[in-house]
Structure formats: C-alpha cells, structure tokens
Amino acid sequence: MEKRRILTGDRPTGRLHLGHYVGTLANRIRLQHDYDTLIIIADIQGLTTDFEDPRRVSTAVREVALDYLAAGLDPGVATIFIQSMVPAIAELTVIYSMLTTVNALRHNPTIKSEAQQRGYTDLSYGFLGYPVSEAADITFCRAHLVPVGEDQLPHIELTRKLVRRFNQLYGQVFPVPEGLVGRAGRLVGIDGQNKMSKSLNNAIFLSDPPETVSEKVGLMVTDPQRVHKRNPGRPEVCTVYTYCDVFGFDAESVAESCRRAEVGCVQCKRKLAQEINELLTPMRARRRYYENRPDDIFEILRSGTSRARQLGEETMAMVREALSFNYFRL
C-alpha cells in the first residue's frame with residue numbers, strides 16, 4: 001500500500017525558532033519516515049506581508065531550508081519544495097476561490113488576528129485569501145495529514161470544507177485532510193506574555209549559538225513574587241518551568257524544587273539553557289555541514305520542487321476531468 005501523505009511548511013519570513021519546532025517541526029521530523037512527507041516553502045504567501053520587498057522572501061527561502069535540514073528533515077525521504085514553482089497550486093487557488101465566500105474569509109480568526117497585529121485596515125485580496133491559497137497547498141498533492149501550529153487550525157477547517165464541497169459538486173478527487181497540532185500548542189516567548197515571535201523579539205532561534213541561548217534564557221520572566229531563593233515559588237506562572245514542561249526537561253522535579261525553595265531562579269535558568277543547548281547541538285552540526293555545501297541545498301530544493309510539480313500535474317488531470325475541462329491534450 002502507498003503511504004499516506006503529509007503536507008506542511010512555512011512562509012519564508014526569516015529564521016525558524018523553538019516555537020516552530022514544538023508547534024510543527026518536531027512532528028514533521030517524527031513522522032517523515034512513516035508518511036510520504038512534503039514540506040512547502042510558501043514564498044508566494046510570504047508576499048502577503050512582504051510584497052514591497054520580495055528579495056526578503058527569496059533570501060529567507062534558503063534560511064528556512066537550512067533550518068529544516070539542520071533540525072533533522074531528511075532530504076532522502078522528505079520532499080522540500082518551493083511553492084511559486086508549482087503551477088497546480090495557483091490553479092487550485094483560483095478554483096477554490098469560486099467556492100469560498102468573502103464573509104467566511106473575513107471572519108477567519110487567524111486572518112483577523114494577524115491583520116490587527118500588523119495594523120491592516122484595508123486588506124489586500126491576497127492577504128484575505130491566504131487560507132484559500134493554503135487549501136491549494138494542502139490538496140495539490142492530495143495530502144491526508146497536516147502538522148500545523150494551533151493558530152492554523154481555522155485554515156485546516158476551511159480546507160476540509162472546500163474539499164467536501166468540491167467532492168460533492170464534481171466527484172471524489174481529494175481526501176479530507178486532518179490537522180495535527182504539536183503537543184505544546186503555542187510556545188510562549190521569553191517575555192512570558194506572547195507567543196514566540198521574531199517580530200516581538202522574544203524568540204530563541206534554532207540557529208542561535210550557545211552563548212546567545214544562555215543570554216536569552218537569562219532574560220526569561222519568572223515568578224514575580226519570588227524575590228529571594230528562600231521564597232517558595234509558583235512554577236505555574238514561571239516561564240522557565242513552562243519550557244521545562246514543554247520540552248520534557250525533568251519538569252516534575254523542577255516544579256517540586258521551586259515550590260520548596262530548594263533551588264533559585266538563576267540555577268533553574270542555567271539548567272534550562274544547558275538542556276536547550278543540548279537539544280540544539282546536533283542541529284548545529286547539521287547546519288555547519290550544509291552551510292559548507294550551499295549547492296546541495298539548492299539541489300535538494302530543485303529535486304523536491306520537480307517532484308511536487310509532477311504530483312500537481314497528476315492532481316490537475318483529475319481536477320480537469322472532474323470539471324469537464326479536459327478539452328484536448330497540449
């Protein structure tokens with residue numbers, strides 16, 4: 001039997017951080033040998049926010065690809081490709097736009113939240129239609145499972161509705177995909193207030209060197225009522241404990257020691273920085289390997305994109321048949 005298929009990926013807006021890792025990337029790495037895994041670098045969707053400077057997007061494509069490879073995605077089993085070079089995605093985006101109402105897009109909570117965060121009052125067609133484009137990403141290869149961050153679940157639900165609608169109107173072409181959220185959901189940033197984000201300057205990046213990780217962990221917000229080491233702490237309000245719990249860094253012991261005032265916040269931070277650096281150590285080794293072989297990165301992207309185009313052509317042949325648009329061969 002053929003493997004079930006995964007489609008997931010990121011907009012190339014810059015380097016990936018620990019929030020990406022716990023949200024989706026760890027799941028991708030864990031599942032890549034069990035599923036036919038396709039990883040999209042969604043450069044066209046990057047234009048929804050960086051349309052005035054597309055060079056930022058194209059530069060970030062290599063950064064994201066390098067982060068993928070450093071984190072442990074195996075190019076021998078996972079297909080990493082560039083969105084803009086797969087025509088089927090653009091074709092499906094247009095078709096799905098006929099099956100989607102503007103009101104449904106305007107009420108999408110992720111779109112509303114990001115528009116508010118960026119101060120957008122007059123939304124572009126591309127920004128508003130981002131979930132439709134994402135549906136095309138997922139279905140051009142007829143994916144079954146989509147590892148995503150928690151904030152992307154509304155987009156998955158729209159994709160499921162579009163797939164059901166298409167299949168109902170024109171015949172069974174696409175599987176109805178399911179979303180898979182990382183165990184941690186959203187990872188809070190080092191400020192302890194907002195989700196980890198590059199734009200909020202509260203992120204620990206997968207590419208950060210050990211000393212930078214230690215510096216950032218040192219800035220983490222802890223229990224404000226714990227002024228001295230002798231004061232019993234409340235791990236449930238401590239960012240350091242949150243990270244220990246998310247990453248499985250001996251969280252129960254950390255919580256108990258905190259409540260009993262057996263360990264100070266500085267000591268906890270040092271231990272957490274050590275644990276995070278141990279997690280990132282093999283990533284750093286793989287990063288150095290590929291940084292010294294830039295041609296290998298683009299060959300991986302070229303090969304992956306070639307396969308994605310082929311899958312897209314197969315899907316579009318089925319779509320045209322379903323729509324009775326198969327007039328003649330070219």
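The values are calculated or read from the model by the stated rules, or taken from the named source; none is laboratory data. Every value quoted in this text rests on a predicted model; they were computed, and no experiment measured them. Because the Cβ atoms are built from the backbone with ideal geometry, glycine has one as well, and the counts that use them run over all protein chains shown. Quick note on the areas: whole protein, heavy atoms, side chains included, nothing else; ligands and nucleic acids left out. Shrake-Rupley method; radii C 1.70, N 1.55, O 1.52, S 1.80 Å.
Looking at region 264-289 only, could you name the residues that are of a type in the set (A, V, I, L, M) and either open to solvent by less than 20 Å² (accessible area, probe 1.4 Å) or more than 30 Å from Val227 (Cβ to Cβ) (or both)? Correct list: Leu272, Ala273, Ile276, Leu279, Leu280, Met283, Ala285.
Of all residue pairs spaced 6 or more apart or on separate chains, none has beta-carbon atoms under 8 Å together with a first member in region 296-324 that is over 20 Å from Glu63 (Cα atoms) and a second member that is open to solvent by 90 Å² or more (accessible area, probe 1.4 Å) and β-branched (Val, Ile, Thr). Against the criterion of being free of Cβ contacts under 8 Å to residues at least 12 places away in the same chain, under 20 Å from Thr305 (Cα atoms) and open to solvent by less than 70 Å² (accessible area, probe 1.4 Å), Gly119 does not qualify. Where helices (runs of 4 or more DSSP H) fall entirely within region 13-85, those with at least 3 residues that are among the β-branched types (Val, Ile, Thr) are at 43-50, 54-71.
Do we find a residue being open to solvent by 30 Å² or more (accessible area, probe 1.4 Å) and within 16 Å of Met318 (Cα to Cα) anywhere in region 154-163? No: zero hits. Against the test of being open to solvent by 60 Å² or more (accessible area, probe 1.4 Å), in contact (Cβ under 8 Å) with a residue 40 or more places away in the chain and under 16 Å from the mean Cα position of the chain (by Cα), the options Ile80, Ile29, Ile44 yield a single qualifying residue, Ile44. None of Val176, Val246, Val181 is at pLDDT below 85 and within 26 Å of the chain's Cα centre (by Cα) except Val181. The residues of region 199-237 that are among the basic types (Lys, Arg) and crowded, with 16+ Cβ neighbours inside 10 Å, listed by number, are Lys216, Arg226, Arg234.
Can you tell me which residues in region 141-173 are modelled with pLDDT under 90 and either among the charged types (D, E, K, R) or outside any helix (DSSP H, G or I) (or both)? Write out each step before concluding.
Step one: filter region 141-173 for residues modelled with pLDDT under 90, giving 147-155.
Of everything in region 141-173, those that are modelled with pLDDT under 90 and either among the charged types (D, E, K, R) or outside any helix (DSSP H, G or I) (or both) turn out to be Pro147, Val148, Gly149, Glu150, Asp151.
Give the residue that is farthest from Cys141 (Cα to Cα), with candidates limited to residues of region 171-184 that are in contact (Cβ under 8 Å) with a residue 60 or more places away in the chain and surrounded by fewer than 16 Cβ atoms within 10 Å (Cβ to Cβ). Applying the filter and picking the extreme gives Arg183.
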